Amino acid sequence: ALVEVADDSNGVSFNFSRHHNKAMAMHPPGVAGLYKIYFAKDLKILKKGLKLPKALKAAADYFGGPLAIEKRLLDRVISDLFCKNIRSADSFYKHAEDVSPILISHGQDLLNHCLPVLKAYYNLRQQCNKLKLADPHNHAARNFCDDLIVDLVRLVPESFVNLYDLDRMTHLVRYIKCMEIRAQRAPMDFEKDQAKAKDVKTFSARLDKMIKTLSPNSSSDKREALEEFFWMIEEYKVSIFAQELKTAFPVSEKRLEEKLAQIKRMI
């Protein structure tokens, strides 16, 4: 396997392993290290193009700051385009020829999908802060905001740039807007909001319980089904808190129960 040297020499080395799977896992990042040398000039240009707008600096601070996000963006492009199981010079140069025209545009596309997520995330955090400060002694408002932020951080963790594909990021914005709409409406009747949230919390708790039962022997089908169930819950929130945003697919309490029953039968 090729392995990127862990120092400032910008090099790669060979590593020999007795285990085929280990070598296969190690090799793609090593190939990416070789491409980083090959595309050094292009990556410098790309890095300059991945700067966040100053207007989003405050939003970036929730994710370690602008520099941290910009590094994740660059790492994501490298991972997407260069982490390949390539084992011949011909294949290496052929892939380089294929990705060269899209290297800069892929980074810009990634940035353009991330910016709306950052903006929506920041707006919701600010909205919750204002709601809590408007009446510091309102325990219902404080608890509501605290629960909403927990859901937000779970949905959009610091690693979201590297975690989600571009299509999913588009949906993230809609899910956060659903939370915004909920935060606008909840203060009118917190009890009504909590009544709606009761089923959501039940399904989320059941999801968490099933995730904890996963083992190394659990099938990939089951893991994928649990991920699908997570997104079904997000769509269910849209259906009950912000119907005007519309769901990406039909979802209901019955469909959620059916999905759970299907997952329980999986190994």
query = Does any residue in the stretch 216-242 that is free of Cβ contacts under 8 Å to residues at least 12 places away in the same chain come within less than 7 Å, Cβ to Cβ, of a residue that is open to solvent by 30 Å² or more (accessible area, probe 1.4 Å) and not hydroxyl-bearing (Ser, Thr, Tyr) six or more places away or on a different chain, and which pairs are these?
reply = Arg223/Leu214
inquiry  = Looking at Ile240, Ile211 in this structure, which one is at pLDDT 95 or above, within 22 Å of the chain's Cα centre (by Cα) and either hydrophobic (A, V, I, L, M, F, W, C) or open to solvent by less than 90 Å² (accessible area, probe 1.4 Å) (or both)?
reply    = Ile211
query = Which of the residues that make up the stretch 154-192 are farther than 23 Å from Glu228 by Cα and either open to solvent by 80 Å² or more (accessible area, probe 1.4 Å) or of a type in the set (A, V, I, L, M, F, W, C) (or both)?
reply = Ile181, Ala183, Gln184, Arg185, Ala186, Met188, Phe190, Glu191, Lys192
task = Filter the stretch 24-59 down to residues that are open to solvent by 20 Å² or more (accessible area, probe 1.4 Å) and small (Gly, Ala, Ser), then give me how many there are.
result = 5
inquiry  = Looking at the structure I just gave you, is Ile78 in a helix (DSSP H, G or I) and of a type in the set (A, V, I, L, M)?
reply    = yes
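Among the residues of the stretch 96-103, is there at least one that is open to solvent by 60 Å² or more (accessible area, probe 1.4 Å) and of a type in the set (Ser, Thr, Tyr)?
No.
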note = Filter the stretch 243-267 for residues that are open to solvent by 60 Å² or more (accessible area, probe 1.4 Å) and basic (Lys, Arg); the one that is nearest to Ile181 (Cα to Cα) is Lys246
task = Could you grab the pairs with beta carbons closer than 7 Å, sequence gap of 6+ or different chains, first residue in the stretch 59-84 and of a type in the set (Val, Ile, Thr), second one open to solvent by 50 Å² or more (accessible area, probe 1.4 Å)?
result = Ile78/Lys36
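Hey, among Asn112, Asn15, Asn21, which residue is modelled with pLDDT under 95, of a type in the set (S, T, N, Q) and either exposed (fewer than 13 other Cβ atoms within 10 Å of the Cβ) or in contact with a Ser or Thr (Cβ under 7 Å, 6 or more places away or on another chain) (or both)? Outline the logic, then answer.
Details: Asn112 fails: modelled with pLDDT under 95; Asn15 fails: either exposed (fewer than 13 other Cβ atoms within 10 Å of the Cβ) or in contact with a Ser or Thr (Cβ under 7 Å, 6 or more places away or on another chain) (or both).
On inspection, the qualifying residue turns out to be Asn21.
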query = Assuming Asp90 fulfils every condition listed in (1) over 27 Å from the mean Cα position of the chain (by Cα); (2) more than 30 Å from Lys48 (Cβ to Cβ); (3) open to solvent by less than 50 Å² (accessible area, probe 1.4 Å); (4) not β-branched (Val, Ile, Thr) apart from one, which condition is it?
reply = (3)
message = Suppose we filter the stretch 195-204 for residues that are open to solvent by 60 Å² or more (accessible area, probe 1.4 Å) and free of Cβ contacts under 8 Å to residues at least 40 places away in the same chain; how many remain?
response = 4
inquiry  = Can you find a residue that is of a type outside the set (A, V, I, L, M, F, W, C) and over 21 Å from Ala96 (Cβ atoms) anywhere in the stretch 21-32?
reply    = yes
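If you take just the helices (runs of 4 or more DSSP H) that sit entirely in the stretch 189-267, which of them hold at least 2 residues that are within 22 Å of Tyr164 (Cα to Cα) and of a type in the set (Asp, Glu)? Lay out the reasoning, then the answer.
Values: elements: 190-212, 220-241, 253-264.
Filter on the stretch 189-267 gives 220-241.
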Scan of the stretch 119-153 for residues that are closer than 20 Å to Glu191 by Cα, open to solvent by 60 Å² or more (accessible area, probe 1.4 Å), charged (D, E, K, R) and under 26 Å from the mean Cα position of the chain (by Cα), ordered by number = Asp146, Asp147
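The values are calculated or read from the model by the stated rules, or taken from the named source; none is laboratory data. Computed from a predicted structure; not experimentally measured. Glycine also receives a Cβ, built like all others from the backbone with ideal geometry; neighbour counts cover every protein chain displayed. Protein only, heavy atoms only, side chains kept; ligands, DNA and RNA dropped before computing areas. Shrake-Rupley method; radii C 1.70, N 1.55, O 1.52, S 1.80 Å.
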